[in-house]
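The values are calculated or read from the model by the stated rules, or taken from the named source; none is laboratory data. Note that the structure is predicted; figures quoted are calculated from it, not measured. So basically every Cβ, Gly included, is an ideal-geometry build from the backbone, and we count neighbours across all protein chains shown. Surface accessibility is based on the protein's heavy atoms, side chains included, excluding ligands, DNA and RNA. Shrake-Rupley method; radii C 1.70, N 1.55, O 1.52, S 1.80 Å.
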Amino acid sequence: MLSLCICGTAITSQYLAEKYRVNCPMFQSFLNYCMLFLIYTTMLAFRSGSDNLLGILRRKWWKYILLGLADVEANYLIVKAYQYTTLTSVQLLDCFGIPVLMALSWFILHARYRVIHFVAVFVCLLGVGTMVGADILAGRKDGSGSDVLIGDILVLLGASLYSVSNVSEEYIVKNLSRLEFLGMLGLFGTIISGIQLLIVEHKDVASIHWNWKIALLLLAFALCMFCLYSFMPLVIKVTSATSVNLGILTADLYSLFFGLFLFGYKFSVLYILSFTIIMMGFVLYCSTPTRTAEPGESSSVPPVTTIGIDNLGLKLEESGFPEPSLPPCSWGAGTCRGTSRGRAAAKAEAWSWSRHCSSVRIQKEHRTMYPK
């Protein structure tokens, strides 16, 4: 479903660019953020309690500004890269976001992977390589840009920002709520993309020769993006951002399959092979769930136990030493009764008192056996 939504955005964007000479990626993203704002930000504003729009803005406004900035610029940089580099480079370098996403999930979300997960990611990337090879053998138009190095850098930056956005999305939908994520992203995404639209694309938008076909294609693009943003948190909540990104690697292949009929692409058996390889890697990744590290898992300090105290008490009892009486608790009688801190303190003082009594007893016996 998510791959089909991305496929819809790719097809509508290609129609707009090739047939109607409309190339305004920020304006297209602005329409999507406006729809998120109208639906989810409005719902968040009417939510009752401290988790409504105003309450969230008072507590975490700066965090969502950074999230909105990362998401807006990720969309813009990836589309902008097509003007400088080749389609092959974009397809390959866009996969850079997956290892970045896994690294961020490891450190921020404390996700822990098994060997099978790394093998699955390698299989998926192998499928992407097969897809790019199919493009080259089929003689698909590569759309070479003016400066490949700049384009490649833009792709890497965009993929990294996508990873930041996806990790933030996973944390919010699993620990807070989907409505909060979409509502705040709609608010700040609309503001940031609107400002950037006025700065960098106002001339491009003004030069569009409007007709109902262009308006329909822009609306279709916005609806596909809106569905993608609405459904992705639902999938991430039950899986993970990494597995979702592996699954949507098939979006390019769906675009290729539709392109066979819409844009006259040449068919290659390697397209089927690459689709099969990516799906195998995706299934392999999902076959074994990841786990979340416990808070103190990485600590090498052994846990404190009472085994030593218990053994000391047994040795004192076997040796015939009188059981030491518990000294007065330094935190007061009320604290020592009924609280874990008091019980722990009592054990500690009992242990100290036992060692003191043992030392005194040994000294007395020594003076008896060896009088001065």
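With the requirement that a residue be hydroxyl-bearing (S, T, Y) and either in contact with a Leu (Cβ under 6 Å, 6 or more places away or on another chain) or part of a helix (DSSP H, G or I) (or both), what does the stretch 198-237 give you?
Let us first name the residues in the stretch 198-237 that are hydroxyl-bearing (S, T, Y), namely 207, 229-230.
Result: Y229, S230.
Report, by residue number, each residue of the stretch 92-114 that is surrounded by fewer than 17 Cβ atoms within 10 Å (Cβ to Cβ) and not small (G, A, S).
Filtering the stretch 92-114 down to residues surrounded by fewer than 17 Cβ atoms within 10 Å (Cβ to Cβ) leaves 99, 103, 106-108, 110, 112, 114.
Listed by number, the residues that qualify are P99, W106, F107, I108, H110, R112, R114.
Out of all the residues in the stretch 40-64, which are open to solvent by less than 80 Å² (accessible area, probe 1.4 Å) and either assigned to a helix (DSSP H, G or I) or of a type in the set (V, I, T) (or both)?
Those that are open to solvent by less than 80 Å² (accessible area, probe 1.4 Å) and either assigned to a helix (DSSP H, G or I) or of a type in the set (V, I, T) (or both): Y40, T41, T42, L44, A45, L53, G55, I56, L57, K60, Y64.
Listed residues Y229, Y271, Y285; which is of a type in the set (S, T, Y), closer than 30 Å to R114 by Cβ and open to solvent by less than 30 Å² (accessible area, probe 1.4 Å)?
When all the criteria are applied, what remains is Y285.
Of all residues being hydroxyl-bearing (S, T, Y) and more than 10 Å from M184 (Cα to Cα) in the stretch 48-69, which is modelled with the lowest pLDDT? Just the residue, please.
Kept after step one, since they are hydroxyl-bearing (S, T, Y), are these residues of the stretch 48-69: 48, 50, 64.
Pick out the ones that are also more than 10 Å from M184 (Cα to Cα) and you get 48, 50.
Details: S48: 84, S50: 80.
Filtering first and then ranking leaves S50.
Which of the residues spanning the stretch 65-75 are touching a helix residue (DSSP H, G or I) at 6+ places or on another chain (Cβ under 8 Å) and open to solvent by 30 Å² or more (accessible area, probe 1.4 Å)? Steps first, please.
Within the stretch 65-75, the subset touching a helix residue (DSSP H, G or I) at 6+ places or on another chain (Cβ under 8 Å) is 65, 67-75.
Across the stretch 65-75, the qualifying residues are I65, L69, E73.
Is there any pair with a first residue in the stretch 268-289 that is assigned to a loop (DSSP other than H, G, I, E, B) and a second that is at pLDDT 85 or above whose Cβ atoms are under 8 Å apart and which are 6 or more apart or on different chains, and what are they?
Here the result reads T288/R114; T288/I116; T288/H117, each pair linking the stretch 268-289 to a residue that is at pLDDT 85 or above.
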